[in-house]
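A quick write-up on the structure given underneath.
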Amino acid sequence: MKLNVKDTFNKELPADPVQENERRQVHNACFSYVTPKKTATPKLIHVSPEMLDHIGLTMEDSSSNDFLQLVTGNTVLPDTKPYAMCYGGHQFGHWAGQLGDGRAINLFEVNHKHQQWALQLKGSGETPYSRSADGLAVLRSSVREYLCSEAMHHLGVPTTRALSLAETGDQVLRDMMYDGNAKYEKGAVVCRVSPSFIRFGNFEILAARKDHVALKQLADYTIKHFFSNLGAPSKAVYVAFFREIARRSIEMVVHWQRVGFVHGVMNTDNMSILGLTIDYGPYGWLEDYDKGWTPNTTDRQHKRYRFGAQPDVVLWNLYQLANALYPLINEAEGLEEVLQKFRADYDQAYLEMMRSKLGLDLKCDEDEQLIQQLDQNLELTETDMTLFFRNLSGFTSETVAEGLVLVEDAFYNINEVSDKIRQQWNRWFESYAHRLKKEIQTLEERQEQMNKVNPKYVLRNYMAQLAIDAANDGNYELIDELFTLLKKPYDEQPQYQKWFAKRPDWAKDKVGCSMLSCSS
Ligand code: AMP
Ligand code: MG
């Protein structure tokens, strides 16, 4: 096993001089050195062949004991110095102070084919940032993170990746629903991979502590390695840096709205500076198209991070980042301009995205209304988002009356679809048919185009739960099946047709399927 290790973060940025692994406030540093916890009886459950390839390894490498020991934290490669990052964050709208990698340990960075990849173990023990928790992760949440990060990548959504999923053989105590019923669960470690795991919160903590020296070092480091096209750091480049982060964050959230992904905990410590989806916790997939839905039980009351609010939250989070970057610029104007343009930029990107979901190539004035009306109709009854859009690609302007029949499968309860609602739908199909007449593509062309943006298969919440239940019983076949299925989410894959279906009734109110806690 040969990896081209090339560390930059821990070589170019200030380290915490304290080496003891004790919980503490870490000042004047971007990270603390820490060694992963040794695991009892590690066992590899799954590896991502695509990710292996990206870092220059083969499937054969991944079956070696060296690989297993590395991705479970039992061995540290020579000449590498694992570390936990220091970051802060706004949680649910409030400044939370120092958070940091409480259970993530960065191993090293690999350079392969001119691409930099940071490898990070999630769930491999305590760090100075663990606060009152144990630094571990359970199998349940690790399966969810592992499967979803790779599935999101194959959906074309910017995301951190996952290299491997392993059981540790250790038992981890968790009170899953925070109701006093703590029990032991299987421990696991995911090896996550990303060009970088830097978050908005890495900048926020330094600004909050008025550590402008380290703040500049971190900004310059980030620009040099990940935004080098912007040029050498200067006030104007810091503004351009912020503009680019805003652009990428918009792109990311538009993709979420496209596929029906609800992150669940969009705190600023869970916002990647690279505009990647990061930290898969109590996320969920929209089944019923309901803009008010959030899977996160901790957010049940206010629903701050509900599906429909995700774009607004991105903006709110960008405000926090702007405040953190301000000391580098000392002029609000450039930053404010980016923030003020956000709405218009987002609306434009959203409109383009929705046009693509409807197979509309041309830009017509009536599109906005058509999309708004669709949005309202989808909320009239419980309607499955994925099924609806996938089936819609079969629609033609010649068969308006059959529109409803075409998407009927998407309705959870057909009795809910009253005559009045049918009429509303029929009116919408008429407008859609009318609009399609302006297009020049053939039905086949449109269908092909729509099927590239409307996935047939997503990691429905109950699917992940079935894989988890089986894994807890020692059976990993479903993890592999879902992993394989979700590599080609836009393909028909008739052999997997059973996963192209509405959420089954038993999963409607089941923990893990419609409700997820942060306890992981
Ligand atoms: P989250 O919002 O779940 O991404 O995590 C918020 C903060 O809690 C981060 O600083 C995490 O590192 C930390 N954290 C979450 N779970 C644990 C755990 N089991 N042990 C230590 N720290 C944790
Ligand atoms: Mg987090």
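The values are calculated or read from the model by the stated rules, or taken from the named source; none is laboratory data. Because the structure is predicted, anything quoted here is derived from the model rather than measured. Ideal geometry is used to build each Cβ from the backbone, glycine not excepted, and the neighbour counts take in all protein chains shown. The accessibility values were calculated without ligands, DNA or RNA, using every heavy atom of the protein model including side chains. Shrake-Rupley method; radii C 1.70, N 1.55, O 1.52, S 1.80 Å.
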Scanning the stretch 198-221 for residues that are within 16 Å of ligand 2 (Cβ to nearest atom) and hydrophobic (A, V, I, L, M, F, W, C) gives Ile198, Phe200, Phe203, Ile205
When Ser228 is run through (1) more than 16 Å from ligand 1 (Cβ to nearest atom); (2) of a type outside the set (A, V, I, L, M); (3) within 30 Å of Asn296 (Cβ to Cβ), the failure sits at (3)
Flagged pairs (Cβ under 8 angstrom, 6 or more apart or on separate chains; first in the stretch 348-361, in contact (Cβ under 8 Å) with a residue 60 or more places away in the chain; second of a type in the set (Phe, Trp, Tyr) and surrounded by fewer than 16 Cβ atoms within 10 Å (Cβ to Cβ)) are none
Within the stretch 264-283, restricting to residues that are over 11 Å from Arg248 (Cβ atoms) and of a type in the set (Gly, Ala, Ser), the one that is nearest to ligand 1 (Cβ to nearest atom) is Gly281
Take Val138 and decide whether it is more than 16 Å from ligand 2 (Cβ to nearest atom) and surrounded by 17 or more Cβ atoms within 10 Å (Cβ to Cβ).
-> no
Checked against (1) free of Cβ contacts under 8 Å to residues at least 40 places away in the same chain; (2) over 27 Å from Ala501 (Cβ atoms); (3) β-branched (Val, Ile, Thr), Val417 satisfies every condition except (2)
By residue number, the members of the stretch 376-403 that are at pLDDT 95 or above, open to solvent by 20 Å² or more (accessible area, probe 1.4 Å) and within 23 Å of Glu448 (Cα to Cα) are Asn391
Looking across the stretch 80-94 at residues that are in contact (Cβ under 8 Å) with a residue 24 or more places away in the chain and more than 15 Å from Arg199 (Cα to Cα), the single one that is nearest to ligand 2 (Cβ to nearest atom) is Phe92
Within the stretch 255-270, the residues that are open to solvent by less than 10 Å² (accessible area, probe 1.4 Å) and hydrophobic (A, V, I, L, M, F, W, C) are Trp256, Val259, Phe261, Val262, Met266
Filtering the stretch 145-167 down to residues that are open to solvent by less than 10 Å² (accessible area, probe 1.4 Å) and either closer than 26 Å to Ala40 by Cβ or within 11 Å of ligand 1 (Cβ to nearest atom) (or both) yields Glu145, Tyr146, Leu147, Ser149, Ala162, Leu163, Ser164, Leu165, Ala166
Scanning the stretch 72-98 residue by residue, those buried (at least 18 other Cβ atoms within 10 Å of the Cβ), under 19 Å from the mean Cα position of the chain (by Cα) and either more than 10 Å from ligand 1 (Cβ to nearest atom) or of a type in the set (A, V, I, L, M, F, W, C) (or both) turn out to be His90
Here, helices (runs of 4 or more DSSP H) confined to the stretch 129-233 with at least 3 residues that are on the phi < 0 side of the Ramachandran plot and not assigned by TED's automatic domain parsing to the domain that holds Val110 are 200-208, 212-226
Restricted to the stretch 448-487 and to residues being touching a His at 6+ places or on another chain (Cβ under 8 Å) and open to solvent by less than 50 Å² (accessible area, probe 1.4 Å), the residue farthest from Val138 (Cα to Cα) is Leu486
Within the stretch 251-298, of all residues that are modelled with pLDDT under 95 and in a helix (DSSP H, G or I), the one farthest from ligand 2 (Cβ to nearest atom) is Thr297
Query raised in the report: Could you say whether any residue in the stretch 107-117 is in contact (Cβ under 8 Å) with a residue 40 or more places away in the chain, among the charged types (D, E, K, R) and either open to solvent by 30 Å² or more (accessible area, probe 1.4 Å) or over 25 Å from Leu139 (Cα atoms) (or both)?
Result: yes
